[in-house]
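Heads up, the thing below is written out as structure tokens.
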Amino acid sequence: MSQITNNKSSKAEIHNWFLEVNQEFIPPLQNFVDFETYSAKIFTNANRFELYNDDVLRGLLAAYFNQENKTAFVTLFGISKDFRTFSNIRRLFISFLKEFLKDHRMEYVELEVHHENTSLLRFYNKLKFTVKENRIQSVVFQATRQQCEYLVG
């Protein structure tokens, strides 16, 4: 049975998960980050929402909450291929949104998606996230607090 947790994962679990899902990212995660450095950064600095199945990390959403610009930035969101169901994707994302909404100083959620990742681009479009910025290789999406409240229901 799978469960959603908050900040339970260890640095080693995050690193091992990166190795497992690297090729499932579009483009592969190794093209952008060093796994050892990035897992330490995520473990130390990010607010993590994890999907576990049988005590094994299967999904991770990592976000930074910036008080200065009142924005929560999702730096990473992924679920292992065998556990990537709409239900798991939604549960993990809604867990993050609920935490975001608890912090009344946050007004926006932002995240960046590579242009090649068409399924994720469609996912955020369906959630009615707006395009804040079109970059050369990616799109930055944004949602307001009100949009997030609507999504959580």
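FYI, it's all coordinate maths here, none of it is from the lab. Note that the structure is predicted; figures quoted are calculated from it, not measured. All Cβ positions, even for glycine, are placed from backbone atoms using ideal geometry, and neighbour counts span all protein chains on display.
Structure values in brief
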| quantity | calculated |
| --- | --- |
| Difference of contour (0.36 nm per residue) and Cα-Cα distance, Val131 to Thr75 | 18.5 nm |
| Estimated [θ] at 222 nm from DSSP helical runs (n ≥ 4, -39500 (n - 2.57)) normalised by residues in the chain, nearest 500 | -11000 deg cm²/dmol |
| Cα-centre dipole for segment 2-152 with unit charges at Cβ (Lys and Arg positive, Asp and Glu negative), debye to 20 | 520 |
| Reach of Lys8 by Cα under 20 Å, taken over lysines that are not fewer than 8 positions away in the same chain | Lys41, Lys98, Lys102 |
| Two-site label geometry, Thr5 and Asn31: point separation in nm, points 7 Å out along Cα→Cβ | 3.2 |
| Potential extension, Ser119-Leu101 segment - 0.36 nm per residue separation minus Cα distance | 3.9 nm |
| For segment 42-153, the spread of Cα positions along each principal axis, largest first, Å | 38, 31, 30 |
